[in-house]
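A.B. asks: Shown below is the structure under consideration.
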Amino acid sequence: MLIESEYRQRRAALLDALGPHAIAVVGAGSEVERTNDTCYLFRPASNFLYLTGFAETEAYAVFCPGRPEGEYILFCKPRAGLREMWLGPICGPERAAALHGVDQAFPLDAMEEMMPALLAGRKQVALRLGHDPALLLRMSHWLAGLKMRSRRGIVSPAVLTDLDTLLGEMRMKKSPAETALMRKTIDITCDAMLRGMAAIGPGVAGHVVEAEIAHEMVRQGAQLAFNPHVSSGVKGCQSHYRQRNDDVIEDGELVIVDIGAEYGYYSSDLTRTLPANGRFTAPQRAVYEHVLAIQCTLIGMLRPGVRMDELQRVFAERVTQALLDLGVLAGAADQLVEAEAYRRYFPHNIGHWLGMDVHDETSYCSLDGWRPLVEGMVMTVEPGLYFGRDDDTVPPALRGIGVRIEDNVRIGAGGCEVLSAVLPKEPEAIEAFMARTARGRAAGVNQQEEQ
């Protein structure tokens, strides 16, 4: 886990970026009710956690550059006495100041009275726009009150900026400590994927595979970064199937397994496509090999200075040629690329940033153009092809085939490192792995029958 000095460095960078006339406010978020009297497991908002390391609900952090009494203020729930026997331990303002590097900590209900004074004399306010409507409403109330006092010489902020944009830039490049956590969570996800792959076979329900994956993640001290996708047959042609994994895997189908663990509040996101019976059919293998070749080409391009639009251009050329080779498209390749004819069979992006969020919030482009990759970034590379079972634009032999291959990659000084390289993805390696696990399952069944 991260140590307090890591958070202190982040806060110092934020205070410097804000400048002397700004103030930033960021909230942890609240529990979300699932059903009556039960809530989903709480996870603090990533940007709040990135700056504070404080993991309790409903807290707010306020950053006031140059404030003599303290630049980092935390408003949090007070101790609850006997109620903590029911709710669990609460840190409280006193301990928060001692344990989390807070300059000043106050009970949550003090925020309403203190915020106008903290805002007075500042020129701009940075908030997570679009994420906390309740805070935005309260901020409007505080600012309106200050404006009414302008005749007394009170200056109120006149500019509202998006804190996520600023923090996204800070979170883009992972520190050595962050990289170590990401290696750990990706290693756990790889172990969970291998365990899930070992469970796949004809007649196995998707939720059985999901259970094996979840067991391995939790066993190693992680949690699910998102609900596992175990998509078999025609549902594998729905690029990110999000329903319950209740379908029974049929002989001859492909199974797309898309999973991610979260460890120490850092996430992973990996996908493999597996033959249900352990062997690819000729059409399945043809599609799979095209997707794998495209992925290898894209990964080979990853280095500092390369832009996402360059990767997208190469992808468009390669996937269009693959679709021509497979007999799905016909015509001049350059015209098909220009028309983005491949989009019918590939509806998502070729990858995304990865970090505290499965989809980290750093922008991909700005008014200055597309963002170049830099050392320390972590991203996914996930090309795919999806041919619907009833899609009459596709040769009959390819209908119902969906393939996606996704790895997690760190940008290095002169190239990149595939952090999930331990997972098999060559078709021969996948078939060999599944043959071994099938023999192991058969041996286990025989032993049970003998007993």
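The values are calculated or read from the model by the stated rules, or taken from the named source; none is laboratory data. Nothing here was measured: the structure is a model prediction, and the numbers come from that model. For neighbour counting, all protein chains shown are included, and Cβ atoms are generated from backbone atoms with ideal geometry for every residue, glycine included.
A.B. asks: Quick check: is even one residue across segment 244-266 out of contact with any Ser or Thr (no Cβ under 6 Å at 6 or more places or on another chain), more than 26 Å from A432 (Cα to Cα) and in a strand (DSSP E or B)?
C.D. replies: Yes.
A.B. asks: Of all residues in segment 379-408, which are touching a helix residue (DSSP H, G or I) at 6+ places or on another chain (Cβ under 6 Å) and among the β-branched types (V, I, T)?
C.D. replies: Of everything in segment 379-408, those that are touching a helix residue (DSSP H, G or I) at 6+ places or on another chain (Cβ under 6 Å) and among the β-branched types (V, I, T) turn out to be V381, I401, V403, I405.
A.B. asks: Residues A432, A421: which one is over 23 Å from the mean Cα position of the chain (by Cα) and at pLDDT 95 or above?
C.D. replies: Of A432, A421, the one residue that is over 23 Å from the mean Cα position of the chain (by Cα) and at pLDDT 95 or above is A432.
A.B. asks: Only residues that are in contact with a Gly (Cβ under 9 Å, 6 or more places away or on another chain), over 24 Å from L354 (Cα atoms) and free of Cβ contacts under 8 Å to residues at least 60 places away in the same chain: list them for segment 20-56, please.
C.D. replies: Correct list: P20 only.
A.B. asks: So, in segment 299-315, exactly how many residues are surrounded by fewer than 20 Cβ atoms within 10 Å (Cβ to Cβ) and touching a helix residue (DSSP H, G or I) at 6+ places or on another chain (Cβ under 7 Å)?
C.D. replies: Result for segment 299-315: 2.
A.B. asks: Mind counting the residues in segment 2-39 that are surrounded by 15 or more Cβ atoms within 10 Å (Cβ to Cβ) and not in a helix (DSSP H, G or I)?
C.D. replies: Summing the residues that are surrounded by 15 or more Cβ atoms within 10 Å (Cβ to Cβ) and not in a helix (DSSP H, G or I) in segment 2-39 gives 9.
A.B. asks: Do the conditions hold for A421, that is, is it more than 30 Å from G252 (Cβ to Cβ), assigned by TED's automatic domain parsing to the domain that holds E250 and assigned to a loop (DSSP other than H, G, I, E, B)?
C.D. replies: Against the criterion (more than 30 Å from G252 (Cβ to Cβ), assigned by TED's automatic domain parsing to the domain that holds E250 and assigned to a loop (DSSP other than H, G, I, E, B)), A421 does not qualify.
A.B. asks: Still on this structure, please answer the following. Can you confirm whether segment 313-325 contains a residue that is closer than 21 Å to C190 by Cβ and free of Cβ contacts under 8 Å to residues at least 40 places away in the same chain?
C.D. replies: Looking for residues that are closer than 21 Å to C190 by Cβ and free of Cβ contacts under 8 Å to residues at least 40 places away in the same chain, one finds none in segment 313-325, hence no.
A.B. asks: Could you give me the residue pairs with C-beta distances under 6 Å whose first residue belongs to segment 63-80 and is more than 16 Å from V26 (Cβ to Cβ) and in the same structural domain as L119 (by TED's automatic domain parsing), whose second residue is at pLDDT 95 or above and part of a strand (DSSP E or B) wherever it lies, and which are 6+ apart or on separate chains?
C.D. replies: If the second residue must be at pLDDT 95 or above and part of a strand (DSSP E or B), the pairs left are G70/Q104; P78/P107.
A.B. asks: If you don't mind, another one. Can you tell which of G305, G331, G278, G351 is under 30 Å from P202 (Cβ atoms), of a type in the set (G, A, S) and either touching a strand residue (DSSP E or B) at 6+ places or on another chain (Cβ under 7 Å) or part of a loop (DSSP other than H, G, I, E, B) (or both)?
C.D. replies: G278
A.B. asks: Tell me the residue from A214, A276 that is in contact (Cβ under 8 Å) with a residue 12 or more places away in the chain, closer than 21 Å to A429 by Cα and surrounded by fewer than 22 Cβ atoms within 10 Å (Cβ to Cβ), please. Even if it seems obvious, please write down each step before you answer.
C.D. replies: Working: A214 fails: closer than 21 Å to A429 by Cα.
The conditions single out A276.
A.B. asks: Can I ask one more? Of L373, L385, L354, which residue is more than 17 Å from R410 (Cα to Cα) and crowded, with 19+ Cβ neighbours inside 10 Å?
C.D. replies: Working: L373 fails: more than 17 Å from R410 (Cα to Cα); L354 fails: more than 17 Å from R410 (Cα to Cα).
Criteria check complete, one pass: L385.
A.B. asks: Another question, then. Give me the residue from segment 72-91 that is buried (at least 19 other Cβ atoms within 10 Å of the Cβ) and not aromatic (F, W, Y) and, out of that set, farthest from A126 (Cα to Cα). Lay out the reasoning, then the answer.
C.D. replies: Step one: of segment 72-91, the residues buried (at least 19 other Cβ atoms within 10 Å of the Cβ) are 72-76, 91.
In the following step, the residues that additionally are not aromatic (F, W, Y) were identified as 73-74, 76, 91.
Values: I73: 15, L74: 16, C76: 20, C91: 26 Å.
Among them, the one singled out is C91.
A.B. asks: Suppose we filter segment 344-398 for residues that are hydroxyl-bearing (S, T, Y) and under 26 Å from S175 (Cβ atoms); how many remain?
C.D. replies: 5
A.B. asks: How many residues are part of a loop (DSSP other than H, G, I, E, B) and at pLDDT below 95 when one looks only at segment 361-383? Give the steps one after another, and end with the answer.
C.D. replies: Our first condition is that a residue be part of a loop (DSSP other than H, G, I, E, B); within segment 361-383, this holds for 361-364, 367-368, 371, 373-377, 382-383.
From the residues that got through so far, the ones that are at pLDDT below 95 too are 361-364, 367-368, 371.
Total meeting the criteria: 7.
A.B. asks: Limited to segment 1-56, what total is found for residues that are of a type in the set (D, E) and closer than 23 Å to D103 by Cβ?
C.D. replies: Going residue by residue through segment 1-56, those that are of a type in the set (D, E) are 4, 6, 16, 31, 33, 37, 56.
From what is left, the residues that are closer than 23 Å to D103 by Cβ are 4, 6, 16, 56.
Matching residues across segment 1-56 total 4.
A.B. asks: Also, I was wondering about something else. Could you tell me whether any residue of segment 385-400 is under 17 Å from the mean Cα position of the chain (by Cα) and either at pLDDT 95 or above or under 26 Å from Y265 (Cβ atoms) (or both)? Working first, answer last.
C.D. replies: Step one: list which residues in segment 385-400 are under 17 Å from the mean Cα position of the chain (by Cα), which gives none.
No, segment 385-400 contains no residue that is under 17 Å from the mean Cα position of the chain (by Cα) and either at pLDDT 95 or above or under 26 Å from Y265 (Cβ atoms) (or both).
A.B. asks: For segment 217-255, give me the residue count where each residue is surrounded by fewer than 16 Cβ atoms within 10 Å (Cβ to Cβ), within 18 Å of G402 (Cα to Cα) and charged (D, E, K, R).
C.D. replies: Number of matching residues: 3.
A.B. asks: Follow-up. Starting from residues that are of a type in the set (K, R) and surrounded by fewer than 16 Cβ atoms within 10 Å (Cβ to Cβ), keep the ones in segment 92-137 and report whichever is nearest to A12 (Cα to Cα).
C.D. replies: Top of the filtered list is K123.
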